[in-house]
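Colleague: Sharing a structure below in C-alpha cells format, with a few things to ask.
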Amino acid sequence: MTVFIVSLFLPKTVHFTLPGTPPRGSVVEKHQPRKDERPKIERQPSLFNPPNYTPPHTPTEERKPGDPFTNEDGLRVHPPPLNTAVAAENGLRAPADRSSPTWGGRMDQPMSRANSPPPPGLISKSKSLAQKAYAMGRAGISQPRALERSESHDRVFANANWQIANADQGNGGLRNAAEAAARDGKLEDYTWVGTLGMPTDALQGTQQLQDIEDRLATEHDMLSVFCSDKDFDGHYSHFCKQILWPVFHYQIPDNPKSKAYEDHSWKYYVNVNQAFADKIVKNWKRGDVIWVHDYHLLLVPGMVRKKLPEAKIGFFLHVAFPSSEVFRCLAVRKELLEGMLGANLIGFQIHEYTRHFLQTCSRILSAEATPDGLQLEDRFVDVVNLPIGIDPVSLSEHREEPEVKRWLDIMRERYAGKKLIVARDKLDHVRGVRQKLLSYELFLNMNPEWRDNTVLIQVALSTSEKSELDATVSDIVTRVNSSWANLAYQPVVYLKQDIDYAQYLALLSIADALMITSQREGMNLTSHEYLFCQDGKISEKKHGSLILSEFTGTSSLFNGSELSVNPWDYRACANAIKKALEMEPEEKERRWTKLYDCVNHHTGSHWFTEFLTRLDRVHEEQHRRDQTSVPRLSYPTLINQYKRTERRLFILDFEGTLVSWGPVNQIIPVSPQKTLDVLNDLLLDERNTIYVMSGRRPEELDRLFRRVPNLGLIAENGCFLKDCGSTTWTEMADADQIRSWKESVGGILRYYLERTPGAEIEDRRCSLIFHYKSAEDYESAMRQATDCASHINDACEDQRVHAIPLEGCVLVEPIDWTKSTAAERIFADLRARMAADEKHKSPVDFLMVVGDGREDEKVFKWANTLGDDGVVKEVVTVSLGARNTEATATLTQGVSGVLTALSKLAAIA
C-alpha cells in the first residue's frame, strides 16, 4: 500500500548550472543536508552583527525576493542576487521589478512565460497576432527579437547541467510530520505528488524534463505534476493568493484591495487541480491511500472520486476555514465544497473550523450535518479536527549544532540584563505586525520603568506585494526608537528579512516572551518551537511566557495556559506584555509545563499517523455502509433465523416502510388494511413483540392502529412511547426543555415564514416542521430553508436541538430523544420483564429493525452492536433507502417487499 501525499509543491526542486555562473555548491554540493534537515539560508544579513554593540537600525531598503512562494509557516528562503551580466550573455531577460508576483526569476531556474496578471480577455478568446505584436512594440520589443530571446532561453536550460535540491517553498510542517512518521516506523511506503515549484514551459518536450521526472520518481519517490506557466501563475498567484487566501482569513472579496473581480483565474485553478487528479489516477493501485493537502487543491478529491469511486481519499486544510457568512461570498463556493466532499475524511486544525465547514455545507448544499460529518444523498463524509504539530526529535538535533550555541553566547553578551520579546511573522495584514508594534509602543508609554531594559526583536518576512503596510510599520518602528533609544539601547530591533535557522533557534531559546498577534491563522507552529526551546537544555531555564492571539487555531489548543490577547485591543496587549515580564517564576513554570506537555503530545508524527488511522477506519465503515455493498435480504435466511429463536422483537418504521403514501403533515384518513392484517398475523404468536416507530403525533397513531391490539408505538421519532397492550402514552422528552427551545426556534421559523410565501409551520408536541413544498417560488424557498436550518443549528446548539433539512421541509427536533433512545428503552424494559417472568425466562434472541430514512440509521447501528457483542443471537437490520446505510441488508422491492417478508414469517406455525 502506497500513501500518496499530495501537496502543491514537492519537497525537492531542480537547480540548473548555467554557463558563466558560479555553482550552488555551498547549498547543494558542498553540504548535503540530511533528509529531515531544514535548508540553510545563504547570504542572509545577520540579525546581530558581533563587532557592533548597537543592534542594526530599521532597514531603509527591502531586499526583493524573486519568487512569491513561501512555506505555510511563513518561512522564505531568498534566492541569490540576480546576475544581470550573466543573464545578458545567456539571452535571458531580467524582470524590471523582482518583487512582482511572477513565477520564476531565479538564475538557476527557467523564467516564467506567464503574463501576470493574466488578461481578462483570456476568458473568451486570445489576442490576435496583430494585437500581440502591437503590445510588444509598445513595450519596446520587436517580435523577432522577443522570439530570439525566448529560443535562446530555452536552449540554455535544455542543455544546462542540473541537480535535485531541497525546495525552499512549500508546507514545512507537513514535510516534517511525514519525515517524523517515517522515522518512527509509522509510515513505510509513501510517494509525494506535487509541482517542482518552478516554471517548466522552457523545458517542455525536452529530454531534460523527462530525465528530471524519472530521477525524482526513482530516487526520491516523487511524482511531478507539470502544468503550463500560465495555468500555474493564474492558479497560485491569482486565485489562491488573491481570492482564496484572503477569504479564508476573513477578508471579504468586496474590500477595496481585493482582486476577486479577476474571476477568470478560476479556470486556471481548475486546470491545475485537474492535472493533479490525472497524475494520481494514472499511478493509483487498489489499496493505495490518497491524502490531499490545503486550499490550493480543494477540487482534487472530487475529481479523483469521479474516476476512482472506491479510492481511499483524505483531505486536510492547514489554514483556517471561515464562517459560512464569509465563505458564501465566493462565486464558486458550491464547486469548492463539492470538490472537498470527494474525500472520505476531511480534516481541520481545530473544532471551530470543523463547525464552520459543517454549517457552510448545510447552508449552501442543503446537506445534513451531524457531529461526525455530513450525510449526503449517496454516502457519508466524516469530518474531524486534528491539530498538526512540530517534530521534537529533529528540533532537538538542530539545537545541539555548534552554530546555535555560538549565537547563544553572542546574544547573552549582547542583551545582558535585558528582557527579550521576540516575534517572527510574514509582513502582511493577516499577521498583525502593526498591531503588535502599536501595543509595544503603548506598553513603553504606560511603563517607563521598562524602557531601558526591554527589547522587542521583530523578524518580518517580506511578502511579494509592496504595500503601505511596509511604510506604516517602518514609521512605527522609527517613532519608537527615536523616542527612547540611546547609545546603548534600542527598544525595537526590526529586520525585514528572515534569519538563518541557527539564529532562529538561539533567539527562541533566550527569549523571555514570544508575541504572536495574528488576526487569523490556522496553526502557528512558531509558538510550538518556542515552547520546546524554553526547556533549558541548551540555555538557562527561561520558561518564557507566550502572548498569543485568540484568533489563532493554536490558542484553542493551549486551553488558557498562554496569555491570550485580542490583537485589536492595544491596551490589553500592552498589559499582557507587562504580565509576561513581571510574572512570578512559579507561575511561569506552571504555565510553561502545561504548554510544553501539549506540544509534546500534539506532534507532527502523532498528527500524521492519527489522520491515516482514522482514514482507514472511516473508509472501511463507509464502504460497508455503501448501498451497493450491502446484500439483498434473503428470505430463506431470514426464515431460518426466525425459526431458531424463541423471543423476538420487531421495530418497524411506519412512513415509507409499512405504508408508501400520505404526506408527513397530513393525517391519513383511511387505515392501510394490508399492513394491519400482517401485523395482527405476526402478533398471533405470543413470542413476538412489535413496535412501530413514526414521526407522527400519538393521537394519529392511536387512530391508525386501534385495530391492532398488543402493538407498541413510538411517536414523534422517539419523544412518546406506548408499550404493548397499554392504553396510555409515556412522554420520554422533558416538557420544560421542549417548551424552552420551542420559544427560541419558533421566532426563527416565523422570521423565515414571512419571507417564504406559501410555506407553513407545523407545531407538534416535541418538534416543529417548516414545510415549503407548496411555496410559490420553490428554489427561493429552498434557499430560505437551508438558511433557516443553519440559523437554528448555530443559535440553538446549547439547547440540545437540531434542524434537519429534508425534502420539502426542515424538521426541528431534540437531540436527546430519538428513535434510537426509544428502541434502547424498549429493549431494556423487555429484557427486565422477561427476566422477572418465572414461566418464560428466555431472553430476546431475535431482533429485526426495518426502516427507510436517515433517522433510522442510529437504530440500525444500535441493533448491529447488540449482535456484534453477542447480546442478541440473531439481529436483522433492513434498509429500503437507496443511500449508504448501517443496515446489514436491503430490500429493493420497497413496502411490498417488507410486507411479503413479514407475511412469510407470520405463516410459520
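Colleague: Checking Ala735 against (1) crowded, with 16+ Cβ neighbours inside 10 Å; (2) hydrophobic (A, V, I, L, M, F, W, C); (3) farther than 30 Å from Met834 by Cβ, only one condition comes out false. Which one?
Modeller: (1)
Colleague: Give the number of residues within the stretch 369-413 that are acidic (Asp, Glu), farther than 24 Å from Phe532 by Cβ and surrounded by fewer than 21 Cβ atoms within 10 Å (Cβ to Cβ).
Modeller: 4
Colleague: Taking the options Glu813, Glu855, name whichever one is in contact with a His (Cβ under 8 Å, 6 or more places away or on another chain), touching a residue at least 40 places away in the same chain (Cβ under 8 Å), crowded, with 20+ Cβ neighbours inside 10 Å and under 30 Å from Leu679 (Cα atoms).
Modeller: Answer to the check: Glu813.
Colleague: Taking the stretch 441-462, which residues are surrounded by 16 or more Cβ atoms within 10 Å (Cβ to Cβ) and among the acidic types (Asp, Glu)?
Modeller: Selection gives Glu441 alone.
Colleague: List the pairs whose first member sits in the stretch 596-625 and is surrounded by fewer than 22 Cβ atoms within 10 Å (Cβ to Cβ), whose second member is hydroxyl-bearing (Ser, Thr, Tyr), and whose Cβ atoms are under 8 Å apart, counting only residues at least 6 apart or on separate chains?
Modeller: Cys598/Ser561; His623/Ser629; Arg625/Thr885
Colleague: Do we have any residue at all in the stretch 889-896 that's in a loop (DSSP other than H, G, I, E, B), surrounded by fewer than 22 Cβ atoms within 10 Å (Cβ to Cβ) and out of contact with any Gly (no Cβ under 9 Å at 6 or more places or on another chain)?
Modeller: yes
Colleague: So which residues in the stretch 617-659 are outside the structural domain of Arg883 (by TED's automatic domain parsing) and within 15 Å of Val692 (Cβ to Cβ)?
Modeller: Once the filter is applied, which keeps residues that are outside the structural domain of Arg883 (by TED's automatic domain parsing) and within 15 Å of Val692 (Cβ to Cβ), the stretch 617-659 yields nothing.
Colleague: Being at pLDDT below 90 and basic (Lys, Arg) is true for just one of Arg175, Arg183, Arg155. Which residue is that?
Modeller: Arg155
Colleague: A further question follows. Could you please give the count of residues in the stretch 1-20 that are assigned to a strand (DSSP E or B) and under 19 Å from Phe611 (Cβ atoms)?
Modeller: 6
Colleague: Under the condition of being surrounded by 22 or more Cβ atoms within 10 Å (Cβ to Cβ), modelled with pLDDT under 90 and part of a loop (DSSP other than H, G, I, E, B), which residue from the stretch 765-810 is nearest to the chain's Cα centre (by Cα)?
Modeller: Filtering first and then ranking leaves Ser767.
Colleague: Of the residues Ser474, Ser483, Ser509, only one is surrounded by 17 or more Cβ atoms within 10 Å (Cβ to Cβ) and either farther than 30 Å from Trp592 by Cα or not assigned by TED's automatic domain parsing to the domain that holds Glu562 (or both); which?
Modeller: Sole residue among the options that is surrounded by 17 or more Cβ atoms within 10 Å (Cβ to Cβ) and either farther than 30 Å from Trp592 by Cα or not assigned by TED's automatic domain parsing to the domain that holds Glu562 (or both): Ser474.
Colleague: With respect to Arg434, determine if the residue is modelled with pLDDT under 95, surrounded by fewer than 20 Cβ atoms within 10 Å (Cβ to Cβ), within 32 Å of the chain's Cα centre (by Cα) and under 25 Å from His528 (Cβ atoms).
Modeller: Yes.
Colleague: With Gly544, Gly536, Gly522, Gly553 as the choices, which residue is under 27 Å from Gly172 (Cα atoms), over 29 Å from the mean Cα position of the chain (by Cα) and crowded, with 23+ Cβ neighbours inside 10 Å?
Modeller: Gly544
Colleague: Can you confirm whether the stretch 225-240 contains a residue that is touching a Gly at 6+ places or on another chain (Cβ under 7 Å) and either surrounded by 19 or more Cβ atoms within 10 Å (Cβ to Cβ) or of a type in the set (A, V, I, L, M, F, W, C) (or both)?
Modeller: Yes, some residue in the stretch 225-240 is touching a Gly at 6+ places or on another chain (Cβ under 7 Å) and either surrounded by 19 or more Cβ atoms within 10 Å (Cβ to Cβ) or of a type in the set (A, V, I, L, M, F, W, C) (or both).
Colleague: Still on this structure, I have one more. Let me spell it out: the conditions are (1) β-branched (Val, Ile, Thr); (2) more than 16 Å from Met411 (Cβ to Cβ); (3) modelled with pLDDT of 90 or more, and Ile457 meets all of them except one. Which number is the exception?
Modeller: Result: Ile457 passes all but (2).
Colleague: Here is a further query. State the number of residues belonging to the stretch 380-420 that are among the small types (Gly, Ala, Ser) and in contact with a His (Cβ under 8 Å, 6 or more places away or on another chain).
Modeller: Residues that pass the stated criteria total 1.
Colleague: Now for a different question. Taking Arg138 as meeting all but one of (1) surrounded by fewer than 19 Cβ atoms within 10 Å (Cβ to Cβ); (2) at pLDDT 75 or above, write down the number of the exception.
Modeller: (2)
Colleague: Can you tell me which of (1) buried (at least 21 other Cβ atoms within 10 Å of the Cβ); (2) at pLDDT 90 or above; (3) in a helix (DSSP H, G or I) is the one Ala572 doesn't meet?
Modeller: Tallying (1) buried (at least 21 other Cβ atoms within 10 Å of the Cβ); (2) at pLDDT 90 or above; (3) in a helix (DSSP H, G or I), Ala572 fails exactly one: (1).
Colleague: Which one of the conditions (1) part of a strand (DSSP E or B); (2) within 26 Å of Val844 (Cβ to Cβ) does Glu762 fail to meet, given that it meets all the rest?
Modeller: In the conditions (1) part of a strand (DSSP E or B); (2) within 26 Å of Val844 (Cβ to Cβ), Glu762 misses (2) alone.
Colleague: Just to confirm my filter: which helices (runs of 4 or more DSSP H) fall fully inside the stretch 384-483 and include at least 3 residues that are of a type in the set (A, V, I, L, M, F, W, C) and more than 30 Å from Val247 (Cβ to Cβ)?
Modeller: Answer list for the stretch 384-483: 402-414, 433-446.
Colleague: Residues that are aliphatic (A, V, I, L, M) and loosely packed, with under 13 Cβ neighbours inside 10 Å: does the stretch 739-762 have at least one?
Modeller: No, the conditions are met nowhere in the stretch 739-762.
Colleague: Check Trp862 against each of (1) surrounded by fewer than 17 Cβ atoms within 10 Å (Cβ to Cβ); (2) part of a helix (DSSP H, G or I) and name the one condition it does not meet.
Modeller: Failing condition for Trp862: (1).
Colleague: Does at least one position in the stretch 448-455 carry a residue that is touching a Ser or Thr at 6+ places or on another chain (Cβ under 8 Å) and free of Cβ contacts under 8 Å to residues at least 60 places away in the same chain?
Modeller: No, the conditions are met nowhere in the stretch 448-455.
Colleague: Exactly one of these conditions fails for Thr728: (1) part of a loop (DSSP other than H, G, I, E, B); (2) surrounded by 15 or more Cβ atoms within 10 Å (Cβ to Cβ); (3) assigned by TED's automatic domain parsing to the domain that holds Tyr642; (4) among the β-branched types (Val, Ile, Thr). Give me its number.
Modeller: So the condition that Thr728 fails would be (2).
Colleague: I'd like the full set of residues that are outside any loop (DSSP other than H, G, I, E, B), among the small types (Gly, Ala, Ser) and under 17 Å from Asp108 (Cβ atoms), limited to the stretch 184-229.
Modeller: The one that is outside any loop (DSSP other than H, G, I, E, B), among the small types (Gly, Ala, Ser) and under 17 Å from Asp108 (Cβ atoms): Ala202.
The values are calculated or read from the model by the stated rules, or taken from the named source; none is laboratory data. What you see is a predicted model, and the numbers here were worked out from it, not measured in a lab. A quick note on method: Cβ atoms are made from the backbone with ideal geometry, for glycine too, and the neighbour counts reach across all protein chains shown.
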